[in-house]
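Please read the structure below before turning to the comments.
Each reported figure results from applying straightforward, stated rules to the coordinates on display, with no laboratory input. Here the structure is a predicted model, which is why all the values come from computation and not from measurement. Methodologically, a virtual Cβ is constructed for each residue, glycine included, from the backbone with ideal geometry; neighbour enumeration extends over all protein chains shown.
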Amino acid sequence: MRLFLNYALTLSIDSAWWLVDQTQTAAAMATSDVKLLGAWPSPFALRVHIALNIKSIDYECLEENLLAKSQLLLQSNPVHKKVPVLIHHDKPICESLAIVQYIDEAWSSAPSILPSDPYDRAVARFWAAYIDDKWFPWLNGVANAQGAEAKKAALDQVREGLVVLEEAFGKCSKGKDFFSGDRIGYVDIALGCFLGWVYVAEKRNDVKLLVEDKMPGLAAWANKFCEDGTVKDVMPDKDELLEFANMILEARAKLNASSNN
Ligand SMILES: N[C@@H](CCC(=O)N[C@@H](CS)C(=O)NCC(=O)O)C(=O)O
């Protein structure tokens, strides 16, 4: 089991890093013009992998240990100190959605990631912001919810958010496979990066979140997204993610229990 993220819990996931064996570090410095500072379970880093694949860009991925962040990461993202960071010609770009937009503009030849029409671009940005500002915190909230009632409420909220996204999918995709039409684009990347973590929440809570009869469009979209050539080789194995999440949440439970004693 390799690294990971401060994803679900403020304290515990961060503090569980010491448990995790680091197999490759950012210290293994790269020579490529395009470097990605990432961490394998990070959905935000996954966005950047997919965007680079869409543009067929060669790049070097430097795996960060988020419990012992490299100097390169600290210098490159001094404000947030988080992955992902893209380093292009020695210049860092931070924040996954800003990076995806940068990739689209810096390598402007097709395929495009954002729509060319200004209205469609604004709509795509709106949905990406909804995903990051509203829906993802709800998904994150599932792991933090204490007790059966709170857990159920958190899971219901995630499902309600997915119903909203099902409607958005219907409007944006216009009957095609992806939010962006025939190919994966901005909103596909913004949401698709979390599919592995949706699976983790489903398995850990023995529920279905992406319910096929309520969200037929999204359910079919999720399969197509995971099978796409730009995604399948960079998407973390979902059972490895599950194992990772179980380990981190157990570590949190132990920490909480010992701090309450
Ligand atoms: N809004 C950021 C979120 C990035 C993020 O939360 N990264 C996590 C890994 S998934 C991280 O680096 N956590 C380390 C920390 O918080 O110290 C983005 O979109 O890039």
The stretch 118-227, dipole about Cα centre (Lys/Arg Cβ +1, Asp/Glu Cβ -1), debye to the nearest 20: 100
Return Lys82, Lys238 ranked ascending by Cβ neighbour count within 10 Å, so the fewest neighbours appear first. Lys238, Lys82
Pop a pseudo-label 7 angstrom from the Cα along the beta-carbon direction at both Lys224 and Leu74 and give the gap in nm to one decimal. 4.6
How much of the DSSP beta bridge set in the chain is antiparallel, as a percent to the nearest 5? 70
Charge sum, other residues only, whose C-beta stays under 12 Å from Asn246's C-beta, Lys/Arg counted +1 and Asp/Glu -1: -1
Report, in deg cm²/dmol and to the nearest 500, the calculated mean residue ellipticity at 222 nm for the chain, where each DSSP H run with n ≥ 4 adds -39500 (n - 2.57) and the sum is divided by the residue count. -16000 deg cm²/dmol
Placing +1 on the Cβ of each Lys and Arg and -1 on the Cβ of each Asp and Glu in the chain, which of Leu73, Thr230, Ile184 has its Cα farthest towards the positive end of the resulting dipole? Leu73
Lys214-Ala150 pseudo-label distance in nm [points 7 Å out on the Cα-to-Cβ vector]: 2.2
Cα-centre dipole for the chain with unit charges at Cβ (Lys and Arg positive, Asp and Glu negative), debye to 20: 460
Give me the distance in nm between label points sitting 7 Å out from Cα along the Cα-to-Cβ direction at Glu240 and Glu160, one decimal. 3.6
Rel. contact order, % - alpha carbon contacts under 8 angstrom, at least six apart, the chain: 20
Which shape class applies to the chain: rounded if a/c is under 1.5, otherwise prolate when a/b exceeds b/c and oblate if not, where a ≥ b ≥ c are the square roots of the Cα gyration tensor eigenvalues? oblate
Once you keep just the Cα pairs under 8 angstrom separated by 6 or more residues, what percentage relative contact order results for the stretch 182-244? 45
